[in-house]
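The values are calculated or read from the model by the stated rules, or taken from the named source; none is laboratory data. Since we're looking at a predicted model, the values are computed, not measured. Quick reminder, even Gly has a Cβ in these numbers, built from the backbone with ideal geometry, and neighbours come from all protein chains shown. Please note that ligands, DNA and RNA were not included when accessible areas were found on the heavy atoms of the full protein model with its side chains. Shrake-Rupley method; radii C 1.70, N 1.55, O 1.52, S 1.80 Å.
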Amino acid sequence: MELSTVRDAFDRVVKKQKLSSSKSQEVIDQISHVVEQALSKLESIGGSISLVDQKSILIELKEKLSAMCTVDQLEGSQKELKYSKLFEGSQKELNFELSKYLKILEKSFNPDISRTYINDDFDFHLVNQILGCHFYRLGHFDVGDCLISEAGEPEAAVLRSQFLELHQILNAIKVKNLDPALKWVSSNREKLEKICSNLELKIHCLQFLEILKGGNRVDALKYSKTHLSPFASHHMKELQRVTVSVLWTRKLENYPHSELLSPIHWENLSEELTRDFCNLIGQSCGSLFSLVIAAGFDGLPTLLKLAEVMSIKKQEWQAMKQLPVPVELGREFHFHSAFVCPVSREQSSDENPPMLMPCQHVLCKQSITKMSKGTSQRFKCPYCPAEATVAQCRQLHL
C-alpha cells in the first residue's frame, strides 16, 4: 500500500480530532461559564447570604449542568465518557476514522514478509563476511571484531586494517589535516594513475588554498612550485584557476573563483577518496549489506502484492523460475546491462544471448531459432516487414 493512502487516512483522523477537540472545548467553556456565574453570585452577596440562598444558587447550578451533560457522564472514565449531543456525533466520527487508520497501519507496516522470499540455504560463511565488512566499512570496529570472533571467521578480519586506515584518513580530513591523505596517494600513485584518478591533484589544490587562507603568500607559492607544477602539463587550466588566487591574498572574498573555497570540496574529497580507496582494495564503494536491504525495501511492496494475488488464485509463485511481474528498482541498483527479449519475455544469458537483426531489432537467440525453425530459411521480423536469416543476425555483448 502506498504511503499516500496512509497519509490520507492520517489527515482524516487529524481533521476529526480537531473537530472533536473544538466541540469538547466548547462544552468545557460553557460549564466553566456557568460555574463562574454561580461563584460571582455567591461573592456578590458576601457574608449576608443565608443558607437557603446558597442552596438555591447551587441547585440552579446543578440544573444548568444537568441540562448540558449528566453528572454520571462527567464522572465516567475517559474511555466511556460521552459528551452532550453538541459533539457526540463528531466523537463517533473520530473513533470510526481512528479505527480505520489503525487497520491501514497494520496492513501497511506489519505485513507477513515471510511470504515474499524463497526458502533456500544461505551461505552463512559469506553472510558473516558481508556483515563483518559492513561494520568495518562504517567504522564500527568493536562490533565487527565481536561478530567475526563469535562467528569464527578470522579471514574476514583481513579487511579490518584496510578500513581502519581509510577511517584514519577520513577523520583527519574532517579537521582539515591532509597529511595522511597525501601519504596514501603518494604510496599508491601508480595504481591511481591506472584508474585515471585526479585525487592527488585535488588534495594538493585544497592544501594550497588552506595555506593561502592563512595569509602566507610566500609559503603558498613555494607549495605551488613544489607540488602543483608537476601537474601543469595535463591540468594547466585547473591550476591557473587555483594559483591565481594568490593575487587576492587576505581578501579572498573577492576571488573570482571563490566557489573553490566552498566547504563542499572537503566533503567531495572524502567521497572520492573513499571510492578510490575501495577500488584499489577490490571492494565496492558502498556496503553490500546496505545495498541488499535498500533493494529489498524497494521491491517488497510488489512482492507482497504478488504473494497476495497468487494466494487468492491458490497458486505457488515461489516455485517459479522467474517472477511473473517485473520488480522496478531505481537506477542506483542497476550495475550491469540487461536485455529482456520482447518476444519470449526472458532475460538474456550466456546460453541465450541477444542477437541484432539486419533491421536493427534485437531478439534473444532462442526466439530467433524458433522463428527460423532451426533452418537457414528466411523469417519475418515480428516488429517490422523486414526478413532475415539466422546467419545475418549478430550477437550483441552487453
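Listed values, structure above:
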item	result
Test: Ala338 is within 30 Å of Cys285 (Cβ to Cβ) and in contact (Cβ under 8 Å) with a residue 60 or more places away in the chain	yes
Hits in the stretch 114-167 (condition: under 30 Å from Ser311 (Cα atoms) and of a type in the set (A, V, I, L, M, F, W, C))	Ile118, Phe122
Selection status of Leu329, at pLDDT 80 or above and either among the hydrophobic types (A, V, I, L, M, F, W, C) or more than 30 Å from Ser287 (Cβ to Cβ) (or both)	yes
Elements of type helices (runs of 4 or more DSSP H) in the stretch 139-210, at least 3 residues being of a type in the set (Val, Ile, Thr)	158-174
Test: residue in the stretch 354-368 that is in contact with a helix residue (DSSP H, G or I) (Cβ under 7 Å, 6 or more places away or on another chain) and closer than 30 Å to Arg115 by Cα	no
Pairs where the first residue, in the stretch 284-301, is farther than 21 Å from Pro326 by Cβ and open to solvent by less than 60 Å² (accessible area, probe 1.4 Å) and the second is at pLDDT 85 or above and assigned to a helix (DSSP H, G or I), C-beta under 8 Å, 6+ apart	Ser284/Cys278; Ser284/Leu291; Ser287/Cys133; Ser287/His134; Ser287/Arg137; Ser287/Leu138; Ser290/His134
Entirely in the stretch 35-137, the helices (runs of 4 or more DSSP H) that have 1 or more residues that are modelled with pLDDT of 65 or more and more than 33 Å from the chain's Cα centre (by Cα)	51-68, 88-109
Check on Arg160, charged (D, E, K, R), surrounded by 13 or more Cβ atoms within 10 Å (Cβ to Cβ) and farther than 23 Å from Ser258 by Cβ	yes
Identity of the residue in the stretch 345-389, open to solvent by less than 60 Å² (accessible area, probe 1.4 Å) and assigned to a strand (DSSP E or B), that ends up farthest from Val325 (Cα to Cα)	Ala388
Identity of the residue in the stretch 248-272, of a type in the set (A, V, I, L, M) and in contact with a Lys or Arg (Cβ under 9 Å, 6 or more places away or on another chain), that ends up surrounded by the most Cβ atoms within 10 Å (Cβ to Cβ)	Leu269
